[in-house]
1. For a quick check of your reading of the model, give me the residue pairs whose first member lies in the stretch 52-69 and is β-branched (Val, Ile, Thr), whose second is in a loop (DSSP other than H, G, I, E, B) and surrounded by 16 or more Cβ atoms within 10 Å (Cβ to Cβ), with beta-carbon atoms closer than 6 Å and at least 6 apart or on different chains.
2. Somewhere in the stretch 37-47, is a residue in a strand (DSSP E or B) and buried (at least 20 other Cβ atoms within 10 Å of the Cβ)?
3. Just give me the residues in the stretch 51-83 being over 14 Å from the mean Cα position of the chain (by Cα) and aliphatic (A, V, I, L, M), in sequence order.
4. Give all pairs with beta carbons closer than 6 Å in which a residue from the stretch 109-128 that is under 14 Å from residue 61 (Cβ atoms) meets a residue that is among the acidic types (Asp, Glu) and surrounded by 12 or more Cβ atoms within 10 Å (Cβ to Cβ); count only pairs at least 6 apart in sequence or on separate chains.
5. Let me confirm something: among 11, 2, 60, 76, which residue is buried (at least 17 other Cβ atoms within 10 Å of the Cβ) and either charged (D, E, K, R) or in a helix (DSSP H, G or I) (or both)?
6. Of the residues that make up the stretch 110-118, is at least one aliphatic (A, V, I, L, M), surrounded by 13 or more Cβ atoms within 10 Å (Cβ to Cβ) and either within 17 Å of residue 24 (Cβ to Cβ) or modelled with pLDDT of 95 or more (or both)?
Amino acid sequence: MEPLQIAATEESPGINFDKDVGKFLIFGKSFPEDVKKFYNPVIYWLEEYVKTPNDNTVFEFRLEYFNSATSTILLEIFYILERIINEQEKAVKITWNYLEVDDDMLDSGKEYEEMIKMPFEYKVIEDY
C-alpha cells in the first residue's frame, strides 16, 4: 500500500500515512475551502487500510485548529479506526496532542473519545 502524504498549508492539514512505517499523522490547521474534496483521498486511503491493517495502529492527531466541517470528517475517521478493532480485531491507539493552554482542543479530544468508545492518549506538546 502506497503512503499518503499531503503537505500542510495555511488552511489544510498535513497528512502522513505510511502503513509500512506504521505512521499515521494528521497535523496543522484544518479549514479547507472544500472539506469533502480535501478529505476524500484520506477517507479512501483509510478504507483501503481497514481491509488489511497492521496488528497495531497508532494514529496521531496534532491539530492546531479545525472547523466544524472538519469535525464531522474527524468523526468519520474515528469510526473507520473503530472498525479496525471491531471487524479486524486489531489494536488501535489514538494520540491526541494539544497545547497545555488549549483547553478547547483537549475537550474536543475527550468528546470524540466518549462518542466512539475508544481510548485516547492525551499528550501535552510545547508547540505545533
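1. Taking only residues 6 or more apart or on different chains, not a single pair turns up.
2. Applying the first criterion (in a strand (DSSP E or B)) to the stretch 37-47 yields none.
No, there is no match, as no residue in the stretch 37-47 is in a strand (DSSP E or B) and buried (at least 20 other Cβ atoms within 10 Å of the Cβ).
3. Selection gives 69 alone.
4. Going by the 6 Å Cβ cut-off, the qualifying pairs are 116/82; 118/82; 120/113; 128/64.
5. 60
6. The answer is yes; a qualifying residue exists.
The values are calculated or read from the model by the stated rules, or taken from the named source; none is laboratory data. This one's a predicted model, so the numbers in the text were calculated from it and none came from an experiment. Glycine gets a Cβ as well: all are built from the backbone with ideal geometry, and neighbour counts include every protein chain shown.
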